[in-house]
1. Report yes if residue 305 is under 18 Å from the mean Cα position of the chain (by Cα) and modelled with pLDDT under 95, otherwise no.
2. Hey, can you tell me all the residues within the range 504-520 that are under 29 Å from the mean Cα position of the chain (by Cα), closer than 28 Å to residue 413 by Cα and part of a strand (DSSP E or B)?
3. Out of 406, 399, I need the residue that is more than 15 Å from residue 278 (Cβ to Cβ), in the same structural domain as residue 457 (by TED's automatic domain parsing) and assigned to a strand (DSSP E or B). Which one?
4. Filter the range 86-111 down to residues that are without any contact (Cβ under 8 Å) to a residue 60 or more places away in the chain and part of a strand (DSSP E or B) and give me whichever is farthest from residue 164 (Cα to Cα).
5. Select from the range 161-187 the residues that are over 26 Å from the mean Cα position of the chain (by Cα) and either buried (at least 19 other Cβ atoms within 10 Å of the Cβ) or in a strand (DSSP E or B) (or both) and list them in ascending order.
6. Does at least one position in the range 344-353 carry a residue that is modelled with pLDDT of 95 or more and under 22 Å from residue 466 (Cα atoms)?
7. Would you be able to say whether some residue in the range 460-475 is over 21 Å from residue 404 (Cα atoms), in a strand (DSSP E or B) and touching a helix residue (DSSP H, G or I) at 6+ places or on another chain (Cβ under 8 Å)?
8. Taking residue 266 and the conditions (1) part of a helix (DSSP H, G or I); (2) at pLDDT 95 or above, which numbered condition does it fall short on, given that it satisfies the others?
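The values are calculated or read from the model by the stated rules, or taken from the named source; none is laboratory data. These figures come from a predicted structure and were not determined experimentally. Cβ coordinates were reconstructed from backbone atoms using ideal geometry, including for glycine residues, and neighbour counts include every protein chain displayed.
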């Protein structure tokens, strides 16, 4: 009770905040990237810190005859669509010898990729060919037991006999390798199921064998298998129960890493993503289970953010799309990100991309910052799909914020915020729906506070050498304050006065002897107070470690 009285009635003012224009992606001097290989692409671009290149090879290229393997063969093939692109794959040896690290795609299932001897040996009927969703290649039944057994033998040779799994330059491999660009295409399987070429049991048996066989082949390096399938909504349903099979989750549970190919659609379907340990809570916030195997055992976690005014997506505000896509990938705790030097806008947004590079792969114990993007957005997958009624929350399909070790929550009696004023609709694609960027106070109803909760294993108790950056819409002339407790329980209030420029600004606050012990209203750690007559709008908040965390600290994963 004594602490509560101190919070309400006793406060001190300290140094003024430093105000800068726009977003502030600056980092403390001690921060470094997790490695030099967090960005990847088909081709390395060291000037953009893309030091991972792909080794792209077809099955027939490296396994031209039964029991025969080649590192020196090349291959050329062409998409089946009219005017389709021609692909020229250099030899495995030449691609492996390129500078930097590499990731691996073995193109398995296309009729132009599979060795002719496999089709003959397995007696695969000529009629068993199905176009992928992009109609760029016809695919054979990779789930055919004979075909898959030959594929496993090839994988064993590449990873074990050739030693790829233990090559220090090897970062990860897309698996199971079938379908276009190695991306798991359930449309092909669905077509085969519909025409009676495969049963549900046959597919499920094959999918289970993918998990057990490939992780066994990789042994201790199994976390470098980047499973390219997805759960919601790109899985297939059990026709009896209507439930999704969640094969991506099952692959991760078996020891694989995970990859998503369209995190550009940052509002859509990536909130309830079991393979990432990401789950929608009853209050509409998304949490990440950092004790989940894919995080706790340091498996590869990938996303692809290269389609902004490309790949059929369009936007008039690429900066917004790039930032939000990257925040989503980071919320999912991605370790690697596929980027394009031009289509990802890496030159115009170089400062932001530098920040992203320093964030990828970080854990709560070594990250330079914790952050929250304040927003409310709809997940149209859950708005449009009636097969997910087992996943419910207050306000469905609307969700709150992108949060990484820092959470903003509406708190009674004085911290119930409103939607922000920046309304975005159908950015990049209609699937992305509507979002309201920022959160407003509600002065008319005496809701003058925004409350923030720091994950206790990021920092708790006395927390020296910290900084808070608050990005806000500089509208009106209200005076507002960052408020937190110091080690004596005294409320510290640092003030900012808006200048009505109607632009985005960032206020940087140096914290004086801050104590984050959950001792504010509703166990919050700090809050923003609007003391003016007009509402204030906050967009983004970062809590920054100005000095490196101690490496010997034991951390747990929970909010308290």
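1. Numbers: under 18 Å from the mean Cα position of the chain (by Cα): yes; modelled with pLDDT under 95: no.
When the stated conditions are applied, residue 305 does not pass them.
2. Answer for the range 504-520, where residues must be under 29 Å from the mean Cα position of the chain (by Cα), closer than 28 Å to residue 413 by Cα and part of a strand (DSSP E or B): 506, 507, 508, 509, 516.
3. Details: 399 fails: more than 15 Å from residue 278 (Cβ to Cβ).
The match here is 406.
4. Going through the qualifying residues, I end up with 86.
5. 164
6. Scanning the range 344-353, I find at least one residue that is modelled with pLDDT of 95 or more and under 22 Å from residue 466 (Cα atoms), so the answer is yes.
7. No: the range 460-475 contains no residue that is over 21 Å from residue 404 (Cα atoms), in a strand (DSSP E or B) and touching a helix residue (DSSP H, G or I) at 6+ places or on another chain (Cβ under 8 Å).
8. (1)
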